[in-house]
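Worksheet: one structure, shown below.
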Amino acid sequence: MLLSPSQPLRPSPVPILPMPPGIPVEAIGATVGLLTGERELMTQNLVTLNLTDAQITAVNAALTELETQLSGLISLSTPAKRAAMKMGPKSEAFCRQILRVLGENPQIVPPNVALSDAQADLAALDALRPIMVRLSRLTDRAADTETALGSDVMAVALRGYSLLKLTGRSEGLAPLRAQLGSRFAKTARQTPPAPEPVPQLARAA
């Protein structure tokens with residue numbers, strides 16, 4: 001059948017190789033890009049982090065100094081955490097007011113009430129909280145950076161796996177590709193054993 005000059009030519013469809021189960025859609029897009037010659041769709045660089053030996057040494061020295069200066073910090077066991085009374089925002093306002101009133105009226109405080117210890121604990125709490133905020137922000141950023149670095153590595157690895165699927169057989173890499181493909185194999189779920197039947201008691205006639 002001849003086409004008229006006004007009818008545009010349609011390119012032949014490009015076959016898409018099947019991907020192992022579990023690979024994101026972005027990896028399939030990368031495979032199509034390699035086949036068609038289009039720009040790869042899986043370009044990703046969430047973070048770039050280059051830690052020099054000098055920086056790592058400085059960070060470890062700072063952490064050592066931090067641990068030394070905060071040697072008074074303790075670790076509570078899980079039962080101890082559960083048993084300890086928790087001072088929430090409302091309770092904190094109550095405690096601060098009580099300590100202030102007791103401090104202004106020491107004549108009503110008996111010797112067996114450790115008011116000075118509670119006042120020292122409250123002062124230490126006020127000093128510790130800003131440090132905790134900075135440490136929390138730093139650890140959150142470190143955790144997010146760890147996730148981003150792993151994601152960047154995974155993106156390139158999936159793109160490399162797509163290359164192995166396309167050209168691995170001709171390059172003698174088919175066994176290696178098959179071995180790497182086992183990462184996407186789904187493990188069969190173990191069927192739990194059927195419960196034993198409960199014996200029925202015979203009813204008396």
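Throughout, read-outs are computed from the coordinates displayed, never taken from laboratory work. All of these numbers come straight from a predicted model, not from anything done at the bench. Every residue, glycine among them, receives a Cβ derived from its backbone with ideal geometry; neighbour counts consider all protein chains shown.
Some notes on this structure:
- Treating r as the C-beta distance of Met85 and Ala123 and R0 as 22 Å, the FRET efficiency rounds to 0.70.
- Those residues of the stretch 118-149 whose amide nitrogen sits under 18 Å from the label point placed on Leu49, 7 Å along Cα→Cβ: 134-149
- Separation in nanometres of the label points that stand 7 Å from Cα toward Cβ, at Glu104 and Leu76: 3.0 nm
- When +1 charges are put on Lys and Arg Cβ atoms and -1 charges on Asp and Glu Cβ atoms, the dipole computed for the stretch 93-135 relative to its Cα centre reaches about 200 debye.
- The alpha-carbon positions of the stretch 67-173 define a convex hull whose volume is 199 Å³ per residue.
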